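Participant: One structure follows; several queries about it will come next.
The values are calculated or read from the model by the stated rules, or taken from the named source; none is laboratory data. For clarity, every value in this text was computed on a predicted model and none was experimentally measured. Neighbour counts run over all protein chains shown; Cβ positions are idealised from the backbone, glycine included.
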Amino acid sequence: MMLHIDASKHAWFGDGRYYDLVTVLDDATSEIYYAQLVDEEGTRTWMPAVREVIQQRGMFCSLYSDRASHFFVTPKAGGKVDESQVTQFGRALQELGIKMIPAYSPQARGRMERSYRTWQGRLPQELRLRKITTVEDANRFLRQQYQAEFNRQFTVVAAGKGSAFVRTRRKDLDWVFSIQHDRTVNPDNTIALDNRILQIEKTRWRNTLSGCKVTVYELLNGKVVVRFGPHEVARFEPQDLPAPQPKIRKTPRPLGHNRRAA
């Protein structure tokens, strides 16, 4: 079973504001499993989409997408993907055993392109008729009403009967669908993350983790968790994260600085 994912940038509200509509579509039936407006597609918008499909429907075999940098590592623009390297998104699907398939031609993505032409023709009119002007209200409308209406009109019957989704019993999806970073703990028992200094407190089994390798997980809900092997050694709520440190800009020395006068 294969799903397609793609995004369409469009002025969905008809007022010059552009947003990406991210959708997950069934290859066999064209059924839409997820549709939401976001500022811009990326790792942090695609992870929640695929996770929601897995939680509501189950596991699937493969995922077909373009070769955007949040999906694949492509050393040469327009070239083949480097299968020896994975992105954060690719790592998550690899952990779940879902194969990612890159698109190499516009024709191969024809189904998504046709679907988006339909979305662009219909959704702006639906939003205008309902006087919906915010992303929050539009996404609520998509989730609670319009996605089901869209599927009733455009879903086709699959060639085979039954569902190819497999229900998952995994309890670790929070960890799988997270942004993960490897860090070495500093002598003062801190680590650096995006210009923030995160303090790791002493534990009852070890006073300091200085020099140890830890993994930092940025969860989809904004929390940041630091783990050392199976041990959780720090957890930060979004509002408790330390403020970013200002970036230090080095001022170039003027030509001839410290030179002796001739």
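Participant: Give the residue, chosen from Ala35, Ala7, that is over 20 Å from Phe165 (Cβ atoms), surrounded by 18 or more Cβ atoms within 10 Å (Cβ to Cβ) and touching a strand residue (DSSP E or B) at 6+ places or on another chain (Cβ under 9 Å). Break it down into steps so the answer makes sense when it comes.
Facilitator: Working: Ala35 fails: over 20 Å from Phe165 (Cβ atoms).
Sole residue among the options that is over 20 Å from Phe165 (Cβ atoms), surrounded by 18 or more Cβ atoms within 10 Å (Cβ to Cβ) and touching a strand residue (DSSP E or B) at 6+ places or on another chain (Cβ under 9 Å): Ala7.
Participant: Another one. Output the number of the condition that Leu193 fails; it satisfies all remaining conditions of (1) farther than 30 Å from Pro124 by Cα; (2) out of contact with any Lys or Arg (no Cβ under 8 Å at 6 or more places or on another chain); (3) surrounded by 16 or more Cβ atoms within 10 Å (Cβ to Cβ); (4) among the aliphatic types (A, V, I, L, M).
Facilitator: (2)
Participant: Taking interchain pairs and intrachain pairs at least six residues apart, which have beta carbon atoms under 7 angstrom, with the first residue in segment 28-42 and assigned by TED's automatic domain parsing to the domain that holds Phe150 and more than 17 Å from Asp137 (Cα to Cα) and the second surrounded by fewer than 19 Cβ atoms within 10 Å (Cβ to Cβ) and among the polar types (S, T, N, Q)?
Facilitator: These pairs meet every condition: Thr29/Thr155; Ser30/Thr155; Glu31/Asn151; Glu31/Thr155; Ile32/Gln147; Ile32/Asn151.
Participant: Just checking, how many residues over segment 45-85 are out of contact with any helix residue (DSSP H, G or I) (no Cβ under 9 Å at 6 or more places or on another chain), under 18 Å from Asn221 (Cα atoms) and charged (D, E, K, R)?
Facilitator: The number of residues fulfilling the criteria is 1.
Participant: While we're looking at this one, here's another question. Anything in segment 174-209 that is modelled with pLDDT of 95 or more and of a type in the set (S, T, N, Q)? List them, or say none.
Facilitator: Ser178, Gln180, Thr184, Asn186, Asn189, Thr190, Gln199
Participant: Same structure again: Criterion first (assigned to a loop (DSSP other than H, G, I, E, B) and exposed (fewer than 14 other Cβ atoms within 10 Å of the Cβ)) does Arg114 satisfy it?
Facilitator: No.
Participant: Using the structure shown, decide if Ile132 is within 28 Å of the chain's Cα centre (by Cα), surrounded by 15 or more Cβ atoms within 10 Å (Cβ to Cβ) and not in a loop (DSSP other than H, G, I, E, B). Walk me through how you get there before you give the answer.
Facilitator: Working: within 28 Å of the chain's Cα centre (by Cα): yes; surrounded by 15 or more Cβ atoms within 10 Å (Cβ to Cβ): yes; not in a loop (DSSP other than H, G, I, E, B): no.
Here the answer is no, as Ile132 does not meet what is asked.
Participant: Then there's this: Which pairs do you get when a residue that is more than 14 Å from Arg17 (Cα to Cα), found in segment 122-145, comes within reach of a residue that is part of a helix (DSSP H, G or I) and among the charged types (D, E, K, R), reach meaning Cβ atoms under 8 angstrom, with the pair 6+ apart or on two chains?
Facilitator: Partner pairs satisfying both residue conditions: Phe141/Glu126.
Participant: Looking only at residues in segment 135-166 that are charged (D, E, K, R) and more than 23 Å from the chain's Cα centre (by Cα), which one is modelled with the lowest pLDDT? Outline the logic, then answer.
Facilitator: Start the filter on segment 135-166 by keeping residues that are charged (D, E, K, R), which leaves 136-137, 140, 143, 149, 152, 161.
Now drop any that are not more than 23 Å from the chain's Cα centre (by Cα), which leaves 149, 152, 161.
Numbers: Glu149: 96, Arg152: 95, Lys161: 68.
Going through the qualifying residues, I end up with Lys161.
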